[in-house]
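Take a look at the structure below.
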Amino acid sequence: MTAGAAESFERVFGARPPGLQCARAPGRVNLLGEHTDYNGGFVLPIAVDRAVRVCFRAAAGPVRLWSEDAGSWAAFELADLRPPPPGGGAPPGDGAPDWGAYARGVAWALQEAGHRLRAIQGVVSGDVPMGSGLSSSAALEVAVGTAFCAAAGLQIDGRALALACQRAEHAFTGVRCGVMDQFASIHGRSGCALLLDCRSLDFEEVPLDAAAVRVVVCNTGVRHALGQSAYNERRASCERAVERLSRRLQGVRELRDVSPAALRREADVLDAVTLRRARHVVGEIARTVEGADALRVCDYVRFGHLMFESHASLRDDYEVSCRELDLMVDLARGRPGLYGARMVGAGFGGCTVNLVSAEAAGEFARAMASDYRARTGTSPEVYEFRAGAGAEVRAC
């Protein structure tokens, strides 16, 4: 990994100086807890064994980063960084932010937090599929942030780095994401899922036995762009629900503070759409806590039922699924070795996540690829993951 990164740096910058370092940050897949993070709830992600890497060195002058995947430069002065005006984070076209916006945003957010940075030169590469719900953007943010911290000799708490990366995405891309993606990329641990409280940022490592189960992710091939999309509309619906419910329920700051029973009791204060959005979030928070309990005792059947319930709620109440995601879940249902399946990520395309017995995972992946191709004419990418380690810096 690091040798190839060093060769890329030499090719791009014309030399391989001593002291090259490689910052690595993984993508993530969320087993349960979709659209709960920005509602102060619980999530249950794993870091995956695919990552974004930045091979870099500290340098004088402007920051210069070359993306191997995009085939373009991001160059900027640390002293000249400012967020774009509201609504200016995503360019015309498909609405996907320029990759350099993430790098600029992270540098800006770290400096806004009071950290003194040094410019870096670097080459960015990775194998986290973009637009698929595996958080390639968060992996990029964390890899760049880790590189900046290492170049400046900064020892930043992982929670603080995750919040800086989240703030960067809000300010520079217009996506009002929660903190789960960045947090999982930083704090992931091999062999464990993370039960993260998105309000306190306390977390617990929950074992995920690789000898017993695998996580198989099926990419529908449908790309989503979040910048100025329905993602922000869903978040606004949640905030509207909180504003109305708080008039009747004391102590309600986020949907995290609303129980399923209280939501049913006070449903009349919400319009039909807002009620469906709130019902998904409140139910999903409860499913996530129950799912962690199931994993602790290796009750994968119970966990799988919760995954199917999550998908139905995302499809019917939160309305962020699509025909291809529903097809992937339907194709998985009933296959040998499958415990559960659901869409993963913000929605409107991307991937499904499947919990499969270890001995059945290979055949499951092959059958899913074959059946989806037969039904759609599209050859999907299918990935088999184990829970991996979080961000790190090594010598190149």
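General observations
- For the range 59-72, backbone phi angles converted through the Karplus equation (6.51, -1.76, 1.60; θ = phi - 60°) give residue-by-residue couplings of 8, 7, x, x, 5, 9, 10, 10, 9, 5, 6, 7, x, 8 Hz, Gly and Pro being listed as x.
- Tilt relative to the chain, helix 158-173 - C-alpha long axis, 0 to 90 degrees, to 10: 90
- The charge dipole of the range 51-199, taken about the Cα centre with unit charges on the Cβ atoms of Lys, Arg (+1) and Asp, Glu (-1), comes to about 400 debye, rounded to the nearest 20.
- When nucleic acids and ligands are ignored and a 1.4 Å probe is applied, ASP326 ends up with an accessible area of around 40 Å².
- Global form of the range 235-324, assessed from the alpha-carbon gyration tensor, a/c cut-off 1.5: oblate
- Compared with the dominant principal axis of the Cα atoms in the chain, helix 300-316 is inclined by about 90°.
- The amide H of VAL213, built 1.01 Å from its N in the peptide plane, has ALA358 as neighbours under 5 Å, considering only residues 5 or more places off or on other chains.
- Across the range 44-86, the relative contact order, built from alpha-carbon pairs under 8 Å that are at least six residues apart, equals 26 percent.
- Spin-label pair MET130/ALA70, simplified geometry with 7 Å Cα→Cβ offset, distance in nm: 0.7
- Calculated from backbone phi, Karplus (6.51, -1.76, 1.60) coupling profile of the range 341-346 in Hz, x at Gly/Pro: 8, 6, 5, 9, x, 5
- Across the range 110-124, computed HN-Hα scalar couplings (Karplus, 6.51 cos²θ - 1.76 cosθ + 1.60, θ = phi - 60°) run 5, 5, 4, 7, x, 8, 8, 9, 10, 5, 10, 10, x, 10, 9 Hz from first to last residue, x flagging Gly and Pro.
- For ALA193, residues with placed amide H under 5 Å, excluding near neighbours: VAL206, LEU208
- Helix-only CD estimate at 222 nm, as mean residue ellipticity for the chain, using -39500 (n - 2.57) per DSSP H run (n ≥ 4): -13000 deg cm²/dmol
- The shape of the range 121-179 can be summarised by an equivalent ellipsoid whose semi-axes, obtained from the alpha carbon gyration tensor, come to 19, 16, 10 Å from longest to shortest.
- Only Cα pairs under 8 Å and 6+ residues apart enter the sum, and on that basis the relative contact order of the chain stands at 25 percent.
- Max mean-square fluctuation residue, GNM over the chain, Cα-Cα springs under 10 Å, options MET180, MET130, MET328: MET130
- Charge context of ALA6, other residues only, Cβ under 15 angstrom, K/R +1, D/E -1: +3
- Cα centroid separation, the range 228-280 to the range 353-376 (Å): 36
- The residue among ALA143, TYR372, ALA107 whose Cα reaches farthest toward the positive pole of the charge dipole of the chain, with charges on the beta-carbon of Lys, Arg, Asp and Glu, is ALA107.
- Extreme residue, positive dipole direction of the range 170-249, given options GLY188, ALA241, PHE203 (C-beta unit charges): ALA241
- Solvent-accessible area, 1.4 Å probe, carbon plus sulfur percent, for the range 1-78: 46
- The range 99-232 - percent relative contact order, Cα under 8 Å, separation 6 or more: 26
- 5 angstrom amide H check on GLY188, placed H, neighbours 5+ away: GLY390, ALA391
- The heavy atoms of LEU134 offer some 0 square angstrom of accessible surface to a 1.4 angstrom probe.
- Rounded to the nearest 20, the size of the Cβ-charge dipole of the chain about its Cα centre is 360 debye, with Lys and Arg at +1 and Asp and Glu at -1.
- The range 183-208 versus the range 99-142: alpha-carbon centroid distance in Å: 21
- Listed candidates (1) 156; (2) 141; (3) 128 - label of the one calculated as volume of the Cα convex hull per residue in Å³: (2)
- Check: the range 7-125 dipole with +1 on Lys, Arg Cβ and -1 on Asp, Glu Cβ, in debye: 460
- Beta bridges per DSSP with both ends in the chain, % antiparallel, nearest 5: 95
- Compared with the dominant principal axis of the Cα atoms in the chain, helix 136-152 is inclined by about 40°.
- Probe 1.4 Å, accessible area per residue of the range 312-396, Å²: 41
The values are calculated or read from the model by the stated rules, or taken from the named source; none is laboratory data. From a predicted model like this one, the values you see are computed outputs, not experimental measurements. FYI the Cβ positions are ideal-geometry reconstructions off the backbone, even for glycines, and counts take in every protein chain you see. The area values use the complete protein model at the heavy-atom level, side chains included, leaving out ligands, DNA and RNA. Shrake-Rupley method; radii C 1.70, N 1.55, O 1.52, S 1.80 Å.
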